[in-house]
Amino acid sequence: MHHAVNVALTLTIWVWVAAEGVLQIRQRLRSDATERTEWLSLLLIPVLISCGIMLAGPIRHAVPALSYSPHALGVRMVILVVAWIGIVVRLWAIIALGRFFRGTVHIQHDHRVVTTGPYRFVRHPAYSGMLLAALDLALLMDNAASWLVFTVCCLVALGYRIRVEERMLLDALGEEYRSYAARTRRLIPGAW
């Protein structure tokens, strides 16, 4: 049964990567020219997440793995389902942004605040979904210490990206974005 979870995990990661790739290309083709673009935060995310993976690997082998009961398959499948929910939230957010989505932080010529879809609930639902999926998939590494290292690296990377994005949107969209930010949370509805 453990093999079935590993197959499901591998399949989940490949499906997620493929869906992200298709949406990135689709949205890039539909986007307008940009007035401003910031690349550093795009580069920082994979670098910090890669660092988290590299640091988590040796920790995973040095620290005893979590032990699971015979009923753990059900728990692991629930974790996988929650990861899929995160992936769906991320893809929904990208689709809701429409032509305003790109991998870089950018401002288009006629940029506006999007408040439909998951953007009704939080300002950065694509990051909420990404975090939910990534942290749940990392739980399947079976090691709390490696999960913690990976989580910290993800939070640092996305925290920096969110600050850059919000600063650029506030500068470009002014009161429209300030008003939207005042009535929505960053990542978790009603909390943060």
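The values are calculated or read from the model by the stated rules, or taken from the named source; none is laboratory data. All values reported here derive from a predicted model rather than from experimental measurement. We place every Cβ from the backbone using ideal geometry, glycine too, and count neighbours over all the protein chains shown. Quick note on the areas: whole protein, heavy atoms, side chains included, nothing else; ligands and nucleic acids left out. Shrake-Rupley method; radii C 1.70, N 1.55, O 1.52, S 1.80 Å.
Overview of values
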{"item": "Square roots of five times the Cα gyration tensor eigenvalues for the stretch 112-178, Å", "result": "30, 14, 6"}
{"item": "Phi-based couplings in Hz for the stretch 140-156 (Karplus 6.51, -1.76, 1.60; Gly and Pro marked x)", "result": "6, 6, 6, 9, 5, 5, 5, 4, 4, 4, 4, 4, 4, 4, 4, 5, 5"}
{"item": "Pairs of Cα atoms farther than 16 Å apart, the stretch 71-137, %", "result": "52 percent"}
{"item": "Theoretical gain in end-to-end length, Ser179 to Arg120 [0.36 nm per residue, Cα-Cα removed]", "result": "20.0 nm"}
{"item": "Listed residues Asp136, Asp171, Asp110 arranged by accessible area, highest first, probe 1.4 Å", "result": "Asp171, Asp110, Asp136"}
{"item": "Long-range amide H partners of Val105 with built H, under 5 Å", "result": "Glu38, Leu42"}
{"item": "Calculated FRET efficiency for the pair Arg112/Leu23, C-beta based, R₀ 25 Å, to 0.05", "result": "0.80"}
{"item": "Whole-Hz ³J(HN,Hα) from phi, Karplus 6.51 cos²θ - 1.76 cosθ + 1.60, for the stretch 161-175, glycine and proline x", "result": "4, 5, 4, 4, 5, 5, 4, 5, 5, 5, 4, 7, 10, x, 4"}
{"item": "³J(HN,Hα), Karplus 6.51/-1.76/1.60, whole Hz, each residue of the stretch 104-121, x for Gly, Pro", "result": "8, 7, 8, 10, 8, 4, 10, 4, 9, 7, 9, 10, 9, x, x, 6, 5, 9"}
